[in-house]
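The values are calculated or read from the model by the stated rules, or taken from the named source; none is laboratory data. A quick note: this is a predicted structure, and the numbers were derived from the prediction, not measured. In this analysis, Cβ positions are derived from the backbone assuming ideal geometry, glycine residues included, and neighbour counts consider all displayed protein chains. Heads up: the accessible areas ignore ligands, DNA and RNA and are worked out on the full protein's heavy atoms, side chains in. Shrake-Rupley method; radii C 1.70, N 1.55, O 1.52, S 1.80 Å.
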Amino acid sequence: VPLVGSSGGLAQAGDSLRISCEASGYTLRFYAIAWFRQTPGQERELVAAISRPGGGTYYAEAVKGRFSVSRDNDKDTAYLQMNGLEVEDTAVYYCAGSRDIDRARKGMLDFWGQGTQVTVSS
């Protein structure tokens, strides 16, 4: 299972955090990477996605303009930069991999990370 960096955690509204997704048993550069989030009692929500070479991206409307997805294929790591955090961004964040970004957007994932908690206070 891919490791999700423990750089999540606590933040105040307006702060920035970056979480990372690193490979353990998978070579991330062969996969499009999607970021999802989930709050208790809710389904996982697609937040952002990035294509294998990194040129194509997708953002949910709720995070567009605030979040940025990127990847460093030399380090085999993907990142989710979260700026202008809002209380509503509080969730467990998961990275996931798929053969291409279109499949990732449709929820057709080949593997999931274990998730990291992000908590934003007002």
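Conditions first: (1) surrounded by fewer than 19 Cβ atoms within 10 Å (Cβ to Cβ); (2) among the acidic types (Asp, Glu); (3) free of Cβ contacts under 8 Å to residues at least 60 places away in the same chain. ASP110 passes all but one, so which condition is the exception?
Against the list (1) surrounded by fewer than 19 Cβ atoms within 10 Å (Cβ to Cβ); (2) among the acidic types (Asp, Glu); (3) free of Cβ contacts under 8 Å to residues at least 60 places away in the same chain, ASP110 comes up short only on (3).
Taking ALA62 as meeting all but one of (1) open to solvent by 40 Å² or more (accessible area, probe 1.4 Å); (2) farther than 26 Å from GLN12 by Cβ, write down the number of the exception.
Only one criterion in (1) open to solvent by 40 Å² or more (accessible area, probe 1.4 Å); (2) farther than 26 Å from GLN12 by Cβ is unmet by ALA62, namely (2).
Any residue at all in segment 38-48 that's on the phi > 0 side of the Ramachandran plot and open to solvent by 20 Å² or more (accessible area, probe 1.4 Å)?
Let us first name the residues in segment 38-48 that are on the phi > 0 side of the Ramachandran plot, namely 41.
Keeping just the survivors that are open to solvent by 20 Å² or more (accessible area, probe 1.4 Å) gives 41.
Scanning segment 38-48 turns up at least one residue that is on the phi > 0 side of the Ramachandran plot and open to solvent by 20 Å² or more (accessible area, probe 1.4 Å).
Condition first: of a type outside the set (Phe, Trp, Tyr), within 24 Å of LEU10 (Cβ to Cβ) and at pLDDT 95 or above. Can you find one or more residues in segment 47-55 that meet it? So that I can check it myself, show each step before the final result.
Of all residues in segment 47-55, those of a type outside the set (Phe, Trp, Tyr) come to 47-55.
Next, from what is left, pick out any that are within 24 Å of LEU10 (Cβ to Cβ): 47-48.
Still in the running and at pLDDT 95 or above: 47-48.
Taking every residue of segment 47-55 in turn, at least one turns out to be of a type outside the set (Phe, Trp, Tyr), within 24 Å of LEU10 (Cβ to Cβ) and at pLDDT 95 or above.
Right, ALA23: within 13 Å of the chain's Cα centre (by Cα) and of a type in the set (A, V, I, L, M, F, W, C) or not? Spell out how you get there, then give the answer.
Details: within 13 Å of the chain's Cα centre (by Cα): no; of a type in the set (A, V, I, L, M, F, W, C): yes.
For ALA23, the condition - within 13 Å of the chain's Cα centre (by Cα) and of a type in the set (A, V, I, L, M, F, W, C) - is not met.
Which residues, counting only those in segment 86-105, are closer than 22 Å to VAL118 by Cβ, open to solvent by 30 Å² or more (accessible area, probe 1.4 Å) and outside any strand (DSSP E or B)?
Those that are closer than 22 Å to VAL118 by Cβ, open to solvent by 30 Å² or more (accessible area, probe 1.4 Å) and outside any strand (DSSP E or B): GLU86, VAL87, GLU88, THR90, ARG105.
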